[in-house]
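Reading through the structure tokens given below for one structure.
The values are calculated or read from the model by the stated rules, or taken from the named source; none is laboratory data. If you're wondering where the values come from, they're calculated on a predicted model, not measured in any experiment. All Cβ positions, glycine included, derive from the backbone under ideal geometry; neighbour counts span all protein chains shown. When the accessible area is computed, the model is the full protein with side chains, heavy atoms only, and any ligands, DNA or RNA have been set aside. Shrake-Rupley method; radii C 1.70, N 1.55, O 1.52, S 1.80 Å.
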Amino acid sequence: MNFNSLFKSTSFLILGVLLLESGLARGQSLSELMHQAQANYPAILLQKAKASQAEAQLALEKNTLMPSLDAAYQANYATYNNITGMNLPGQLIPISGPPSTENFNIMVPGTAASLLMRWTPFTFGQRNAATDSKTALLEKELAGVENEILKVQYEVGKTYLDLLSTQDLIQAYRKNIERTEFNQRQVRSLVNSGIRPGVDSVRFRGELSRAKSELIQLQSLFETQKIQLAELLVSEQEIVLPENSILSEQLPALQSDFSENSTNPMLKMAQSELSASQSTLTQLKRAWTPKLEFWGTTYTRGSGIDFNGVVNKADGWSFSRYNYGFGAQVVFPILDLSRQKILKTQQEAVVKAAESQLHQTRISLQSREARVKNEFVANFEMAQEVPLELEAAEAAFKAIQTRYNAGLVDYSELIQTQNDLFFAEAKLKSAYLNTWKALLLQAATLGDMDLFLTQIQD
């Protein structure tokens with residue numbers, strides 16, 4: 001290998017390592033995780049399979065317009081009392097020959113082959129109603145796919161934001177621990193110089209131990225949330241989050257009223273269920289109408305007995321007569337009217353139930369939309385106030401820390417202001433992420449996750 005080839009290979013290797021490290025450093029974006037879950041989550045795949053099944057049922061219903069054509073061959077061995085011989089049912093429309101003059105028990109062979117066509121082009125609306133019903137069921141299953149995707153996307157987004165929130169809280173705890181360790185060292189010097197009582201050092205040591213214990217619990221929660229996210233992603237790969245997500249530092253834009261743009265799949269499913277029930281009812285109402293069928297047949301046969309009664313079994317294995325015919329018939333279910341009436345009454349109840357379900361779904365979604373909108377506005381306004389609270393807590397802590405070092409205030413005031421500062425830091429991160437969670441919930445309720453994803457720039 002020459003120097004140029006070696007240099008090029010090494011450069012590509014270094015570049016690949018740098019790109020890998022860069023990808024790990026930035027973490028996986030939320031939109032990437034949502035697409036991964038959408039591609040792998042079993043509940044979504046199951047619903048997609050149901051939709052494929054419904055699509056095949058629709059194609060099968062449409063295929064009933066096509067004529068059927070069946071080919072058959074049969075070989076029989078029977079008495080020759082009827083010159084036609086024995087014909088098995090189902091495929092042959094027999095054209096009978098003359099009966100024999102006497103009753104004979106001699107067995108003779110017979111063969112037959114046929115083509116039988118059946119076509120029902122006119123069903124007086126029954127086929128259209130059945131097709132409409134299957135179409136509505138397909139739309140329901142497709143809406144079910146959208147609903148499963150939306151639910152999984154929401155769970156992924158919520159778990160992802162919970163992870164970011166826990167990660168930010170861990171950082172706040174670590175910062176508070178560093179602050180406590182610094183104060184502990186300061187107090188130790190003050191105790192040694194006699195400015196502060198020795199019990200303050202013990203109390204700071206206890207405060208540090210408590211903070212570390214809570215940090216351990218928080219880290220355990222963080223790992224549990226990562227396991228939950230990995231389950232949604234159907235992945236065993238390590239979940240890598242960005243160390244400083246913009247979602248913890250920036251608020252989403254205040255949203256306008258999206259109620260007119262609601263496309264929640266649950267509403268589509270309820271509408272499709274009603275359409276399918278109504279189409280089934282129409283199909284039942286038309287079930288008593290006649291069907292016009294066209295038939296056509298051609299068949300050939302061979303018999304081991306001649307027309308004059310002479311038996312020649314060898315002739316039974318070859319064809320000697322050729323027949324064909326066609327015709328039309330109208331089928332009307334005269335005695336099925338009472339049964340159809342009962343089925344129609346039953347289906348009318350199903351339609352009323354579907355109408356009630358649609359109405360209930362619409363009311364529930366409207367109520368949920370109002371609640372999540374109110375929740376988003378409240379979180380947005382609260383997140384705007386928290387920075388002022390943090391600023392005041394920082395100023396108060398610096399002032400009390402100075403006064404404590406000077407011996408002007410006791411331990412209780414110092415630790416209280418330090419805890420106030422920690423809670424304000426944690427509250428700021430949570431306030432921002434809670435606003436994003438509220439936006440995520442609003443997008444899921446409205447059935448359009450793009451309302452959330454278009455604002456993510458991490």
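Worth a mention:
- Accessible-area composition of the range 297-392, carbon plus sulfur, in percent [1.4 Å probe]: 57 percent
- Cα pair distances exceeding 14 angstrom across the range 194-234, given as percent: 65 percent
- Mean projection area, nm², convex hull over Cα of the range 148-202: 4.4 nm²
- Near the amide H of Phe122, within less than 5 Å, lie the amide hydrogens of Leu292, all on another chain or at least 5 residues away, with H placed in the peptide plane.
- Solvent-accessible area per residue for the range 352-428 (1.4 angstrom probe, square angstrom): 57 Å²
- Note that the range 412-423 has calculated 3J(HN,Hα) couplings of 4, 5, 5, 5, 5, 5, 5, 5, 4, 5, 4, 5 Hz, one per residue in order, obtained from phi through the Karplus relation 6.51 cos²θ - 1.76 cosθ + 1.60 (θ = phi - 60°); glycine and proline are x.
- Most tightly packed first, judged by the mean number of other beta-carbon atoms within 10 Å of their residues, the peptides 124-136, 213-225, 147-159 read 147-159, 124-136, 213-225.
- Legend: translational diffusion of the range 233-363 by Stokes-Einstein, Rh = Kirkwood radius over C-alpha pairs, 4 °C, 1.567 mPa s; D = 56 µm²/s.
- In the range 159-284, inverting the average of 1/r over every pair of distinct C-alpha atoms gives 20.0 Å as the Kirkwood radius.
- Solvent exposure, largest accessible area first (probe 1.4 Å, DNA, RNA and ligands not counted), of Ile363, Ile456, Ile246: Ile363, Ile246, Ile456
- Charge tally for Glu61 (other residues, Cβ to Cβ under 9 Å; Lys, Arg +1; Asp, Glu -1): +3.
- Net charge over other residues, Cβ less than 11 angstrom from the Cβ of Lys268 (K, R count +1; D, E count -1): -3
- Hull-based mean projected area of the range 306-408, where the convex hull spans the alpha carbons, in square nanometres: 24.4 nm²
- In this structure the range 120-255 gives 50 Å² per residue of accessible area when probed at 1.4 Å with all protein chains present.
- Dmax and Rg, reported as Rg then Dmax, of the range 354-458 (C-alpha, Å): 21.3, 75
- Computed packing ranks the peptides 138-145, 36-43 as 138-145, 36-43, most packed first, by mean other Cβ atoms within 10 Å.
- Cα-Cα over 25 Å, subset of Lys212/Lys398; Lys140/Lys437; Lys134/Lys268; Lys226/Lys437: Lys140/Lys437
- For peptides 106-118, 287-299, sequence by mean Cβ density within 10 Å, most packed first: 106-118, 287-299
- Derived scalar couplings ³J(HN,Hα) [the range 147-161; Karplus, 6.51 cos²θ - 1.76 cosθ + 1.60; whole Hz; x for Gly, Pro]: 5, 5, 4, 4, 5, 5, 4, 5, 5, 4, x, 5, 5, 4, 5
- Taking the protein heavy atoms of the range 124-254 in the context of the full set of protein chains, the accessible area attributed to carbon and sulfur is 50 percent at 1.4 Å.
- Extending 7 Å from the Cα toward the beta-carbon at both Ala43 and Glu236 defines two label points whose distance is 2.4 nm.
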